[in-house]
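Participant: So that we are looking at the same thing, I have put the structure below in structure tokens.
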Amino acid sequence: MQKKIQQLQRASAVIEPPAGRRGELTELTVAYAERFLKRLPATKTFEPDMGRSRLLEQPFSERGEELPALLETIATAVNHEGINPASGGHMGYIPGGGIYPSALGDFLADVTNCYSGVSFASPGGARMERQLVQWMAALVGYPATAGGDLTSGGSMANLTAIIAARETMGIRARDVERGCIYTTSDAHHCIDKALRAAGLAEGNRRLVPMDERFRMDVKALQHMIAADRQAGLRPWLVIASAGTTDTGAVDPITAIAEVAKAHELWLHVDAAYGGFFLLCDEGRQVLTGLGAAHSIVLDPHKGLFLPYGSGAVLVRDEEWLARSQVYQADYMQDARKSSGHYSPADLSLELTRPFRGLRFWLPLKLFGLAPFRAALAEKIWLARYFHAQLEKAPGWQVGPCPELSVVTYRFVPEHGDADNFNQRLVEAVQADGKVFISSTLIDGHFFLRLAVLHFRTHLQQVDYLLDLLKKLAAAFSPST
């Protein structure tokens, strides 16, 4: 038996490369990353799908391949087509980040394989994530009782918050059909998914009308709650947005919080896109009242420019989250020894989880907060600049002056269908590839969107887009 075990050990030894081989692999990988970053300014932001990803359909073999060839496959099949999320030309949807020190943090987290879910396993890893949660809680104006968790993104964070609201408000299966939840039609689609996953899909979801700036109408909210209560239903949850994806609108959180308090409703705020603008003066002027919410979602992979997979959920009272995620497992009895505070797994749907804290902690400590404040302020001013430039250009219709960094706009031709015209515009911008924008529907009409949030997006990229849009609109307009 020992001989068999030793044979298997020798056969599997390749998966633990010695120091010299590790150095070679690391050097090749870092060189690839450096070439990618060096070429980035000249690389297109969008390339259409030409089928190169089919290279990945090759089967896995019993014997390994050389890393240079594998890196070439990655370059061709993964990093060549579609949207380049590392590009400053990415101004569609809500761009993610990808700052370099976060990659170093992930490298260290993966090499050490730190398990931060339970304090017993890694007191330092769990404490680091708790420190980050406490910093974000203070940023939004929460008291010392607050708690939260680092998640994979806004979708999981919103689900976690909605489950906490359901449990804290005492909503049981028999209550769901009488329950009323209030959002606007511009709430992120992950809210729909979260409500279904939380067993709340059969409840009454009320779409509150919006004002001319696409913000929740507080008076309409009040009337709807009163009407539902009078009808014998149970209003219990309001979901507001601090930066919608479609238009960037920020709901009047302070006024909504007052209504929620008066009617004893839970107020949840989805601030995945907009929340970190609290770091700059321009954002703080808009994002008032967040501390009055019962729960809040933030996405560090948006407003702090971290790589995808970085979300956060916060609650004003940590106990709300802990009670909604309580569990018992005999095999965990050693790990559940008290450390004086909750472990991340006590506040999360996840037990097994990656060490997300290091990719977050390292850049904040390495750079300090000042450059993040400046970068976020720059994005707001770039959006205002784009709006002002397009507003004075003939033929262009712009949405409200941006509160944060999203601008909606379209060209209105003298003749023909405006929706079709703007669809051609967005397709032409994407075909050009130097920058990338996306579109949406507002009141049933086709609008283009600018979303400035990438840390590499600067005046150069915005000016290029302005010039390109004007040239394309002129080219598509029939000559008179």
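Participant: Going through region 400-439 one residue at a time, which ones are over 24 Å from Val286 (Cβ atoms), in contact (Cβ under 8 Å) with a residue 60 or more places away in the chain and in contact with a helix residue (DSSP H, G or I) (Cβ under 8 Å, 6 or more places away or on another chain)?
Facilitator: Phe411, Pro413, Lys434, Val435, Phe436
Participant: Sticking with this structure for a sec: Given the structure, is Arg284 in contact with a helix residue (DSSP H, G or I) (Cβ under 8 Å, 6 or more places away or on another chain), without any contact (Cβ under 8 Å) to a residue 24 or more places away in the chain and surrounded by fewer than 21 Cβ atoms within 10 Å (Cβ to Cβ)?
Facilitator: Working: in contact with a helix residue (DSSP H, G or I) (Cβ under 8 Å, 6 or more places away or on another chain): yes; without any contact (Cβ under 8 Å) to a residue 24 or more places away in the chain: yes; surrounded by fewer than 21 Cβ atoms within 10 Å (Cβ to Cβ): yes.
Answer is yes for this residue.
Participant: Okay, moving on. Given the criteria surrounded by fewer than 23 Cβ atoms within 10 Å (Cβ to Cβ), free of Cβ contacts under 8 Å to residues at least 40 places away in the same chain and over 20 Å from Lys261 (Cα atoms), does Ser152 qualify?
Facilitator: Working: surrounded by fewer than 23 Cβ atoms within 10 Å (Cβ to Cβ): yes; free of Cβ contacts under 8 Å to residues at least 40 places away in the same chain: no; over 20 Å from Lys261 (Cα atoms): yes.
So Ser152 does not fit the description; no.
Participant: Go over the candidates Val259, Val286, Val297 one by one and state the one that is part of a helix (DSSP H, G or I) and either under 26 Å from Ala187 (Cα atoms) or charged (D, E, K, R) (or both).
Facilitator: Details: Val286 fails: part of a helix (DSSP H, G or I); Val297 fails: part of a helix (DSSP H, G or I).
Going through Val259, Val286, Val297 in turn, the sole match is Val259.
Participant: Right, something else. Looking only at region 108-149, which residues are farther than 25 Å from Cys190 by Cα, surrounded by fewer than 24 Cβ atoms within 10 Å (Cβ to Cβ), hydrophobic (A, V, I, L, M, F, W, C) and touching a helix residue (DSSP H, G or I) at 6+ places or on another chain (Cβ under 7 Å)?
Facilitator: Correct list: Leu108, Ala109, Cys114, Val118, Met128.
Participant: Looking at His445, is it of a type outside the set (Gly, Ala, Ser) and within 21 Å of His90 (Cβ to Cβ)? Lay out the reasoning, then the answer.
Facilitator: Numbers: of a type outside the set (Gly, Ala, Ser): yes; within 21 Å of His90 (Cβ to Cβ): no.
Against the criterion (of a type outside the set (Gly, Ala, Ser) and within 21 Å of His90 (Cβ to Cβ)), His445 does not qualify.
Participant: Of the residues Pro17, Pro48, only one is in contact (Cβ under 8 Å) with a residue 60 or more places away in the chain, open to solvent by less than 100 Å² (accessible area, probe 1.4 Å), on the phi < 0 side of the Ramachandran plot and not small (Gly, Ala, Ser); which? Steps first, answer last, please.
Facilitator: Working: Pro17 fails: in contact (Cβ under 8 Å) with a residue 60 or more places away in the chain.
The conditions single out Pro48.
Participant: Now for a separate question. Give me the residue from region 348-376 that is assigned to a loop (DSSP other than H, G, I, E, B) and open to solvent by 30 Å² or more (accessible area, probe 1.4 Å) and, out of that set, farthest from Gly147 (Cα to Cα). Can you show your working first?
Facilitator: Of the residues in region 348-376, the ones assigned to a loop (DSSP other than H, G, I, E, B) are 348-356, 368-369.
Restricting the remaining residues to those that are open to solvent by 30 Å² or more (accessible area, probe 1.4 Å) gives 349-352, 354, 369.
Details: Leu349: 15, Glu350: 16, Leu351: 17, Thr352: 20, Pro354: 19, Leu369: 22 Å.
Ranking the candidates gives Leu369 first.
Participant: Do we find that Met216 is within 23 Å of the chain's Cα centre (by Cα) and surrounded by 13 or more Cβ atoms within 10 Å (Cβ to Cβ) in this structure?
Facilitator: Details: within 23 Å of the chain's Cα centre (by Cα): yes; surrounded by 13 or more Cβ atoms within 10 Å (Cβ to Cβ): yes.
Yes; evaluated as a whole, the condition is true for this residue.
Participant: Right, something else. Would you call Arg196 on the phi < 0 side of the Ramachandran plot, of a type in the set (Lys, Arg) and within 25 Å of the chain's Cα centre (by Cα)? First the steps, then the outcome.
Facilitator: Values: on the phi < 0 side of the Ramachandran plot: yes; of a type in the set (Lys, Arg): yes; within 25 Å of the chain's Cα centre (by Cα): yes.
Taking the combined requirement at face value, the residue satisfies it.
The values are calculated or read from the model by the stated rules, or taken from the named source; none is laboratory data. Computed from a predicted model, the values in this text were never measured in an experiment. Cβ sites come from the backbone with ideal geometry, for glycine too, and all protein chains shown count toward neighbours. Remember, those area values only see protein heavy atoms, side chains included, never the ligands or the DNA or RNA. Shrake-Rupley method; radii C 1.70, N 1.55, O 1.52, S 1.80 Å.
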